[in-house]
Amino acid sequence: MIRIHLDEVTLSRTRMAVSPAAEVIAAVEILHRGAGRAPWPYTAWAERAATVLASVPETAPLRLYRQLYGVGHPRRTPDLFEPCVPEPAPALDAELAVLRATSAELVEHQFTRNYPEGVPDFLVPYRDDRERAFGRLADAFAAFWREAIAPYWPLMRTVLEEEILLRARSLAGDGPDAVLAGLGGPGRWEPPVLSLPKAKESRLEASGQRLLLVPLVFAQGRMGCSTDHPDLLRVTYQARGAAVLAGGAAAGPVLGDRLVALLGARRAAVLRALTLPATTSALARLLGLAPSTVSEQLTALRAAGVVHRRRAGRRVYYGLEPAGEELLGLFGAAAQGVLGDGGPPAVTGASGADGGLAAGLDRGNDEGPRES
């Protein structure tokens, strides 16, 4: 486990941000883990993106991330390869400018800290021919983004903005403890320690830093942390709504799901999706259903007294009533969501048959989250 002790100052400085560069890295990791294949909702995207990696020469430097984070490298890694612009919504160009401008001093500091036994051969160019190596890596980001992610970015950005809005409301109303406890996925928040699964035990102290939470569509249920920055601790986690990559939802029943037997697949999926309050449009994107279908299910759930409706400014949010929470407690544990523990499982799209719940995403190798 990685056990990160967060002091009160760090907790009080919790913020949310989007990171296009982090999405690129997570997307490339999905392809490397699955040798170009991936489970729903990444399946169709992965087929296209694997072709990009194989056929666009400019993307070749992205193999670096397989060498840094692959199965054979369960260790701390320098986070200078994960450009961070501490703003709520930096453009990819701004993040790549940080990558291109990586200084010799930063390279020396992080390489010495992370590789006291000597720099691996594949990283030597980033030390000895720094400007050219980091320039080629930034060009690889841009090429992969253009071909494999940019076509999906408008929908992804909408999902991420909705995610940040929901978490920001929770942060303002309930505090950082509630936000960390509600992230889902493989992490565990036991104040004041955030634990992330990893093959090797390690402990970190975050004192007087900023905690930056970064939701990722391409996280595939994983969480990661970047810890080399002296003033910033960045934690990435799975955003709800990766179904937008599939343009719909997965089919195929999960046997023995009692909530589906009681409510039907679509209604059960909508109920499970409300572990955090959400709008009708956000639920539709998350589940791959038509907004009218989601609205119909919400109306029935409200009539049954398990869901409430609240207005916040121009948006209308739906959330669980105590009866809904009790219903999930009794019948909701049989199937886990595709986007991390407790997340909503997928159902068939609006035009398809009313199928069952989708199986959870493969969590990948035993090393758990990346620690950099």
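Quick look at the values:
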| quantity | calculated |
| --- | --- |
| Residues that are closer than 21 Å to L216 by Cα and open to solvent by 40 Å² or more (accessible area, probe 1.4 Å), drawn from the range 120-149 | R146, E147 |
| Residue match in the range 300-322 (condition: at pLDDT 90 or above, in a loop (DSSP other than H, G, I, E, B) and of a type in the set (V, I, T)) | yes |
| Criterion (touching a strand residue (DSSP E or B) at 6+ places or on another chain (Cβ under 7 Å), aliphatic (A, V, I, L, M) and either open to solvent by 30 Å² or more (accessible area, probe 1.4 Å) or within 17 Å of G241 (Cα to Cα) (or both)) met by exactly one of L155, L165, L194, L171 | L171 |
| Elements of type strands (runs of 3 or more DSSP E) in the range 175-236, at least 3 residues being under 26 Å from L287 (Cβ atoms), aliphatic (A, V, I, L, M) and at pLDDT 95 or above | 210-216 |
| Flag if S55 is hydroxyl-bearing (S, T, Y) and surrounded by fewer than 17 Cβ atoms within 10 Å (Cβ to Cβ) | yes |
| Among the residues listed as E190, E162, E147, the single one being acidic (D, E), in contact with a Gly (Cβ under 8 Å, 6 or more places away or on another chain) and more than 23 Å from D79 (Cβ to Cβ) | E162 |
| Unique match (being at negative phi and in contact with a Gly (Cβ under 9 Å, 6 or more places away or on another chain)) among V306, V316 | V306 |
| Output for the range 164-209, where each listed residue is closer than 16 Å to R222 by Cβ and of a type outside the set (A, V, I, L, M, F, W, C) | G184, G185, P186, G187, R188, S195, P197, K198 |
| Qualifying residue in the range 86-93 (condition: crowded, with 17+ Cβ neighbours inside 10 Å and closer than 20 Å to D228 by Cβ) | yes |
| Residue match in the range 262-270 (condition: assigned to a helix (DSSP H, G or I), exposed (fewer than 15 other Cβ atoms within 10 Å of the Cβ), of a type outside the set (S, T, Y) and more than 27 Å from the chain's Cα centre (by Cα)) | yes |
| Qualifying residue in the range 122-137 (condition: part of a helix (DSSP H, G or I), of a type in the set (S, T, Y) and under 29 Å from G36 (Cα atoms)) | yes |
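The values are calculated or read from the model by the stated rules, or taken from the named source; none is laboratory data. In this text the structure is predicted, and so the values were computed from the model without any measurement. Glycine also receives a Cβ, built like all others from the backbone with ideal geometry; neighbour counts cover every protein chain displayed. Side chains included, ligands, DNA and RNA excluded: accessible areas come from the protein's heavy atoms. Shrake-Rupley method; radii C 1.70, N 1.55, O 1.52, S 1.80 Å.
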